[in-house]
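Here's the structure we're looking at; comments come further down.
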Amino acid sequence: MSGRVYRLHSTLELPLEDVQDYFDGDPELPPEIADVNLTRRNNTLILKAVAEDEDLSKYTPTAQLKASVTETRVYEEEPPRAGGPWEEEEEEIPSELVEFACFKGDRETVLQNTALQYPMFLVLRDIARMAEKGTLTAIVEEDDELEATRIVEGEDRPASVEVVENPSQSQAEKNGVNWRDNQFISD
């Protein structure tokens, strides 16, 4: 399998326990990946690919997914809104603190290193299909074909790749700084 990840943006959030259960359940991984090691450092979760190919140098950094871990209070029912009807005695709504793995950012933030990058993207895509919150969008190349991916709240959605003439010029005019004509650094 050959492939390459050109663009990727993720806002995925899912319970950390779901991610751990997924890998504990021995999921079907791409053939290039023998295993995925999960490491937690403070509030960061790193999922590192272990190569099936033993010829890959042990010094070559393989692709890894990086997520921040946050704690969120999850309520069993909707908490009352401020300014609502006041009761003499307020009942406490049952809740619990849940740790979430948040795969948020662009390719370099979420999917790091190039060795086994495309197979690790496939792992991220499977994780995105489990997430109830967030979006994964990507443009990848598989077997010399460009493919667009869009997964919203765990469901695959239609996506396409659009080729436009001179996109960087129009994008820079809309929301960027034209560094060449910047009066503060041109002189």
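Laboratory data are not the source of any read-out in this text; all were calculated from the coordinates shown. These figures come from a predicted structure and were not determined experimentally. All Cβ positions, glycine included, derive from the backbone under ideal geometry; neighbour counts span all protein chains shown.
Within 10 Å of each candidate Cβ there may be at most 16 other Cβ atoms; applying that plus a DSSP loop requirement, which trypsin sites (Lys or Arg not before Pro) in region 1-47 survive?
Counting only loop positions with at most 16 other Cβ atoms within 10 Å, none of the trypsin sites (Lys or Arg not before Pro) in region 1-47 qualifies.
So what are the ³J(HN,Hα) numbers for region 34-47, from phi and the Karplus equation (6.51, -1.76, 1.60; θ = phi - 60°), rounded to whole Hz, Gly and Pro as x?
Couplings: 7, 6, 10, 8, 9, 10, 10, 10, 6, 9, 10, 10, 10, 10 Hz.
Could you pull out every residue, at least 5 positions away or on a different chain, whose amide H is within less than 5 Å of the one on ALA131? Hs are placed 1.01 Å off N in the peptide plane, and Pro or chain starts have none.
For ALA131, the qualifying residues are GLY154.
Enumerate by residue number the GluC sites (Glu not before Pro) in region 5-64 meeting two conditions: DSSP loop (anything except H, G, I, E, B), and at most 10 other Cβ atoms within 10 Å of the site's Cβ.
GLU28, GLU54
Taking region 131-160, which GluC sites (Glu not before Pro) meet the DSSP loop condition and have no more than 16 other C-beta atoms within 10 Å?
Answer by residue number: GLU132, GLU153.
List the residues whose amide H sits under 5 Å from the amide H of ALA51, counting only those 5 or more places along or on another chain, with H placed 1.01 Å from N in the peptide plane.
Sorted by chain and number, the residues that satisfy this are ALA34.
Across region 107-121, in residue order, what do the Karplus-derived ³J(HN,Hα) couplings come to in whole Hz, using 6.51 cos²θ - 1.76 cosθ + 1.60 with θ = phi - 60° and x for Gly and Pro?
Running phi through 6.51 cos²θ - 1.76 cosθ + 1.60 with θ = phi - 60° gives 3, 5, 7, 8, 10, 10, 6, 9, 5, 6, 5, 5, x, 6, 4 Hz.
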